[in-house]
1. Just to be sure I understand the model, the point goes 7 Å from the Cα along the line to the Cβ. What's the resulting Glu19 to Asp41 distance in nm?
2. If the cut-off is 20 Å between C-alpha atoms, which lysines fall inside it for Lys42, apart from same-chain ones fewer than 8 positions away?
3. Pull out a ≥ b ≥ c, the square roots of the eigenvalues of the alpha-carbon gyration tensor of the stretch 10-57, then state rounded if a/c is under 1.5, prolate if not and a/b is larger than b/c, and oblate in the remaining case.
Amino acid sequence: MPISVQRKEKEAAEGLYHEIRNAMQSQTPILVELTCEKQTDKRVTVLSDQISAVAFSEKTASSAGRVAGFLGLEPSDA
């Protein structure tokens, strides 16, 4: 399940990126709660061992409307 979290300030985004990375590196699964800056009652909690990737990117005018993330391709049967 893809989850996208945006932050207004670059420093806040970098901090969240490192927090998630550290949680992923934990030997035991831990809960990671992600919140929305705009609507503070919006939140989701995931187990760190269920996170498979984290990406950090700056939103620019050319990237508007695109979601940051990864593209997974299935191997072909050929």
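Each value in this text was obtained by applying a stated rule to the coordinates, not by laboratory testing. Computed from a predicted structure; not experimentally measured. Please note: Cβ atoms are built from the backbone with ideal geometry, for glycine as well, and neighbour counts cover all protein chains shown.
1. Spacing of the two 7 Å Cα→Cβ label points: 2.1 nm.
2. Lys8
3. Values: a/c = 2.32, a/b = 1.31, b/c = 1.77.
Oblate, since a/c reaches 1.5 and b/c is not below a/b.
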